[in-house]
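Single-structure report; data block below.
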Amino acid sequence: NRKSEARYKYVPQVVIGQNEPRNAVWGKNYPQEYQSFLQTSDTSFASYQGGSKMRDMLEEDPRLVVLWAGYGFSKDYNQGRGHFYSVEDIYNTLRTGGPKGAGDGPMPATCWTCKSPDVPRLMNEKGIAEFYSGKWADKGAEIVNPIGCADCHEPNTMKLQISRPALVEAFDAMGQDITKATHQEMRSLVCAQCHVEYYFNKNLPGKEGVPYLVFPWKNGFAVEDMERYYDDIEFSDWTHQISKAPMLKAQHPGYEVFSTGVHYDRGVSCADCHMPYKSEGGQKFTDHHIQSPLNNTANACQVCHREESDKLIRNVYERQEKSAQSRLQLEDLLVKAHVEAGKCWELGATEDQMKAILSDIRHAQWRWDYAAASHGAPFHSPVETARVISGGLVKAQDARVKLARLLAELGHNSPVEMPDISSKEKAQEYIGLDMEKLHAEKETFKKNLLPQWLKEAKEREAKMDVVQAVTQN
Amino acid sequence: NRKSEARYKYVPQVVIGQNEPRNAVWGKNYPQEYQSFLQTSDTSFASYQGGSKMRDMLEEDPRLVVLWAGYGFSKDYNQGRGHFYSVEDIYNTLRTGGPKGAGDGPMPATCWTCKSPDVPRLMNEKGIAEFYSGKWADKGAEIVNPIGCADCHEPNTMKLQISRPALVEAFDAMGQDITKATHQEMRSLVCAQCHVEYYFNKNLPGKEGVPYLVFPWKNGFAVEDMERYYDDIEFSDWTHQISKAPMLKAQHPGYEVFSTGVHYDRGVSCADCHMPYKSEGGQKFTDHHIQSPLNNTANACQVCHREESDKLIRNVYERQEKSAQSRLQLEDLLVKAHVEAGKCWELGATEDQMKAILSDIRHAQWRWDYAAASHGAPFHSPVETARVISGGLVKAQDARVKLARLLAELGHNSPVEMPDISSKEKAQEYIGLDMEKLHAEKETFKKNLLPQWLKEAKEREAKMDVVQAVTQN
Amino acid sequence: MSQKFSILPSKSSRWRTLSVVLIAVVLGMGLFMAKEAELVSYLSDDPQACVNCHVMTPVYNSWMHSSHREWASCNDCHVPHNNLANAYFFKAKDGLYHASVFTARAEPEVIKMREESEEVVQDNCLRCHIQQVTQVKYNGWLEMHNGNRTDRKCWSCHREVPHGRVHGNSTIRYNIAPLPTDRETNIIPTWLADEINESKVK
Ligand SMILES: [Ca+2]
Ligand SMILES: [Ca+2]
């Protein structure tokens, strides 16, 4: 009939296999989507606080080095950029260190989960827990394709689908059935596979020792819900190097924060703004150049808002600026709290004296990170973001008032001297990072191990064939 | 021509004089507007934090008593209700005390400015500075009509007009010409005559000693701009009874906060939501039942938003709840700061030791009040309101960290005991208010002076005649 | 010969006087109508141009209180926007039609758009909202538009857009609300302006 005729109007060039990780293969059938997807390699756009440019966050804001002292993020942290770079960036980040071979390095294999369409393929081949097991370096030769088609699409119908178990499991934990999601919800849920807060649970029954990827959503998405979740299981990502507080790292809770905003409330999906329709040669298709919508207000915003592009951008900046103002003040207080807590230890404070203080610091910084880490929050949900930051300010002041009292008790009744952290370098020196060593290790990795991975992968992929489609007419 | 014919198609019953203060006289010509205006006497609607019901704010939130210790507001403070009650409420509030006659009582005549259409009449008769001069009680017999037509309308054309000099002078001070206002702007500016932050300036050149009504807008509307204005002239509304801080009282900066929100940005005016169009018997007119739009979402919101009424109300409540959460936390810190500062004085602190602390308290509470006082702010401009509260939280913690250090220095290195302020009564007792006396004074005023005022006014108004219109056809 | 092209009957004809009178009347009427209708103002897009006729007051007022006030003026909806010439042609034609009806005092109590005008308005709704109502992408956001969109007018559902649900000439009782748009008088009453000046001098 005419409907199926329409559906198959395009001439499929190749048969795309289940979990086909090579984006170029899909691109044979869907050249427009593929071409626009390739544009995520463009790094020329910068907005007030976003864009596709490489932005060294530690350099832009050296306070972060102190906030994350003792944790990988203090070594290196950039703002996310185009999906095209997902694999390249995880090679490059100092957080993955300089493994010398299988079994080496600071990070687990789980780190690959959100970086490539090779992941569903491998999970299918090996099993989920097996995928998460072992070191990051163990799977280097298996994962080479940047985020792409198989992460979001079923190959026969191109229907959106969920390729990552963590999201399905998280819905289960909340007592919700993700298979009931509407088409419009799917246009956000494919993003929620990755743009969400997560942690590695090493104590899952039956999977002890495996850093299993879990979204901490059981009690809900709100900052307090997740905090209660972590407090209940006494989880912490790391112990702060200066304050010794048991810290939580919030990682890009993009979907969670977005879902508290007015656009979500009105049924707008991630794809509406980050993947709007585009016309090219009289044909409409979904723009797969996923990027800051501010580089594309005509398609991304003006579909629904008739305001001038300039005004819309100003609306976004204004919300970001107001949020940044409060967020930076909170960071200042947090830096002070860590340093003051460090001083207390120095002066002989006991665990007992410090306990309540460290708990305040943990909760204050968790709120800060929840508001900051997804980059989009100040626009996605400005009111919730502000509420979370206010909560952080209250917790930070609780900590600092207690610290002032304890310091006085320990004989230091005056402002504690603050380190010079006016640049990333100074801050990293202050927390005692040997940056030269870290860079050297990374170089060695890139010279020795990485080329080996790429070679192996090439050979492996060369053996995967591409089936030409049989044209039926 | 036919246009003017059309203009006077309705049959005017009476000729309305310039500055006619009696609303019923206008009502003869405009019965629909008048009838709806009378509905502001309805006090049956209550929403989450607004509505026309009498809401005793001190009872709902006894912290306020402590925040305003030493100032009139700690005696009595209700949420504004319908315009119908403007005169009745200023009779009743304990803030105006129990004057026994002319020249008596705590408040100046200026207090009448925003309460009645008798004000423009009197200003015209006596002059502006003369109007502001003297005590509140001095003009009691002159001002009897609740807020009404002459406050906003020119009687011949019913054009919107500005009847209060303070607004004109404030525009002047900003270097702006209010006569250039568009029709749509006027639909907010008539409200900005009253729903704005103000203070009484007793040092105006040439008007020394007169508590002249001034809007502190010279540097702009933002919370920091007005703060700078007051700091520059070293103004304070009162000295706090407990902390001795030189305080500022923010009074309903409704227009100022509104103008930072997205509705203002999109050209929406106060009247669009608070005075929407209404149909009655096949006729459309401006609903003069000025009230919470949540009692009327169909006309007030759904003209522009197609969401269900329930959802729109939820949107408003959600913003209010989020704001309330942060605001109440800020209040807690402020109460603590005042009490802690009081303790410092008790322990012999010097002015010098207290100076920076008191300045922090002043600035923190100013921010809180700016965000709280207009009641509508959490919806009118949720993002700005949150930014302002965050700023307040930072200042409050600055104060409290300094207080903790100073307290330790003064030998009190532990939490300061907080009073029991779990009810309005307890809080008022704590700050030493003799409520019985205040109530008794008010009763005496209502028994003796008030009836005299009303009698005089009645006689005066009886002499003002109503000119019947000459019907031309 | 000359007779052939003369618009007037021959000098000798008894029709001549009458025709002169008639022509004068038509011209005069035209001028009168032009003035009465403040014709020049129609060259602008200012909605106030339309309120020169009181019968337009109800629609003006309802538009003034509608979601479209900040976005769309009368002409954005009621005049074709597919090309400039068409716009002016339609405007002139429409204007003349309104003017004659108005001058003849033949306006009905409830004015209705002619079918021709409806087409114009419908096209204009689409001009602004095409993406919202046609892109399947936004089905999730705007459920109702899948079907039923092409076989009826937008305002059969969006009944308030932009003139509200109540129509008719006497729906605005006083016909005075647009007056605040006049810039002839000041928004500060004279007595107050004087008082303020006086207080400045002191
Ligand atoms: Ca970026
Ligand atoms: Ca109220």
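Just one residue in the set A:36, A:86 is within 15 Å of ligand 1 (Cβ to nearest atom) and either buried (at least 21 other Cβ atoms within 10 Å of the Cβ) or hydroxyl-bearing (Ser, Thr, Tyr) (or both); that residue is A:86. Within region B:393-411, how many residues turn out to be assigned to a helix (DSSP H, G or I) and over 27 Å from residue B:370 (Cα atoms)? Matching residues across region B:393-411 total 5. Considered as a group, the residues in region A:110-129 that are under 16 Å from the mean Cα position of the chain (by Cα) and assigned to a helix (DSSP H, G or I) include one that is farthest from ligand 2 (Cβ to nearest atom), and that residue is A:112. The set of residues from region B:54-82 being assigned to a loop (DSSP other than H, G, I, E, B) and either within 16 Å of ligand 2 (Cβ to nearest atom) or farther than 21 Å from residue B:341 by Cβ (or both) comprises B:54, B:55, B:61, B:75, B:76, B:77, B:79, B:80, B:81, B:82.
Yes/no per residue for (1) more than 27 Å from the chain's Cα centre (by Cα); (2) free of Cβ contacts under 8 Å to residues at least 40 places away in the same chain; (3) within 12 Å of chain A (Cβ to nearest Cβ):
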{"residue": "B:347", "(1), (2), (3)": "yes, no, no"}
{"residue": "B:362", "(1), (2), (3)": "no, no, no"}
{"residue": "B:365", "(1), (2), (3)": "no, no, no"}
{"residue": "B:374", "(1), (2), (3)": "no, no, no"}
{"residue": "B:379", "(1), (2), (3)": "no, no, yes"}
{"residue": "B:382", "(1), (2), (3)": "no, no, yes"}
{"residue": "B:387", "(1), (2), (3)": "no, yes, yes"}
{"residue": "B:396", "(1), (2), (3)": "no, no, yes"}
{"residue": "B:410", "(1), (2), (3)": "yes, no, yes"}
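Taking every residue in region B:50-67 that is farther than 20 Å from residue B:329 by Cβ and at pLDDT 95 or above and pairing it with any residue that is in a loop (DSSP other than H, G, I, E, B) and away from ligand 2 (no atom under 15 Å from the Cβ), at least 6 positions away or on another chain, yields no pair with a Cβ-Cβ distance below 6 Å. Here A:369, A:352 are screened, and the one residue that is surrounded by 24 or more Cβ atoms within 10 Å (Cβ to Cβ), of a type outside the set (S, T, N, Q) and away from chain B (no Cβ under 14 Å) is A:369. Of all residues in region A:303-312, one or more are surrounded by fewer than 17 Cβ atoms within 10 Å (Cβ to Cβ), more than 9 Å from chain B (Cβ to nearest Cβ), on the phi < 0 side of the Ramachandran plot and part of a helix (DSSP H, G or I).
Within region A:175-192, identify whether any single residue is in a loop (DSSP other than H, G, I, E, B) and of a type in the set (Val, Ile, Thr), and answer yes or no. Yes, region A:175-192 has at least one match.
When region A:412-438 is filtered for residues that are under 27 Å from residue A:77 (Cα atoms) and not in a helix (DSSP H, G or I), the ones remaining, listed by number, are A:417, A:418, A:419, A:420, A:421, A:422, A:423, A:431, A:432, A:433, A:434.
When restricted to residues that are part of a loop (DSSP other than H, G, I, E, B) and more than 9 Å from every other protein chain (Cβ to nearest Cβ), region B:285-302 contains 8. Confirm whether residue A:320 is surrounded by 21 or more Cβ atoms within 10 Å (Cβ to Cβ), touching a Gly at 6+ places or on another chain (Cβ under 9 Å) and not in a helix (DSSP H, G or I). No, not satisfied. In region A:39-49, which residues are free of Cβ contacts under 8 Å to residues at least 24 places away in the same chain and either more than 9 Å from ligand 1 (Cβ to nearest atom) or over 13 Å from residue A:294 (Cα atoms) (or both)? Of everything in region A:39-49, just one residue is free of Cβ contacts under 8 Å to residues at least 24 places away in the same chain and either more than 9 Å from ligand 1 (Cβ to nearest atom) or over 13 Å from residue A:294 (Cα atoms) (or both), namely A:44. Restricting region B:18-53 to residues that are of a type in the set (Ser, Thr, Tyr) and within 14 Å of chain C (Cβ to nearest Cβ), the residue that is farthest from ligand 2 (Cβ to nearest atom) is B:30. Set side by side, the residues A:280, A:227 differ, and just one is of a type in the set (D, E, K, R) and in contact with a Leu (Cβ under 9 Å, 6 or more places away or on another chain), which is A:227. Take the conditions (1) within 14 Å of chain C (Cβ to nearest Cβ); (2) in contact (Cβ under 8 Å) with a residue 24 or more places away in the chain; residue A:257 misses just one of them, which is (1). When you look at residue A:138, is it of a type in the set (D, E, K, R), closer than 21 Å to residue A:86 by Cα and either within 14 Å of chain C (Cβ to nearest Cβ) or surrounded by 19 or more Cβ atoms within 10 Å (Cβ to Cβ) (or both), yes or no? No: the conditions fail for residue A:138. Going by the structure shown, is residue A:78 modelled with pLDDT of 95 or more and under 24 Å from residue A:132 (Cβ atoms)? Spelling it out, it is not the case that residue A:78 is modelled with pLDDT of 95 or more and under 24 Å from residue A:132 (Cβ atoms). For region A:89-107, a residue qualifies if it is within 16 Å of ligand 1 (Cβ to nearest atom) and in contact (Cβ under 8 Å) with a residue 24 or more places away in the chain, and the qualifying residues are A:90, A:92. In the set B:233, B:242, only one residue is β-branched (Val, Ile, Thr) and surrounded by 17 or more Cβ atoms within 10 Å (Cβ to Cβ); that residue is B:242.
Could you tell me which residue of region C:66-83 is nearest to the chain's Cα centre (by Cα), considering only residues that are away from chain B (no Cβ under 14 Å) and in a loop (DSSP other than H, G, I, E, B)? Filtering region C:66-83 for residues that are away from chain B (no Cβ under 14 Å) and in a loop (DSSP other than H, G, I, E, B), the one nearest to the chain's Cα centre (by Cα) comes out as C:79.
Among the residues making up region B:57-82, those that are under 15 Å from the mean Cα position of the chain (by Cα) and under 17 Å from residue B:251 (Cα atoms) are B:57, B:72, B:73, B:76, B:77, B:78, B:79, B:80, B:81.
Here residue B:209 passes the criteria (1) within 14 Å of chain C (Cβ to nearest Cβ); (2) crowded, with 18+ Cβ neighbours inside 10 Å except the one numbered (2).
The values are calculated or read from the model by the stated rules, or taken from the named source; none is laboratory data. All values reported here derive from a predicted model rather than from experimental measurement. Cβ atoms come from the backbone with ideal geometry, glycine included; neighbour counts cover every protein chain shown.
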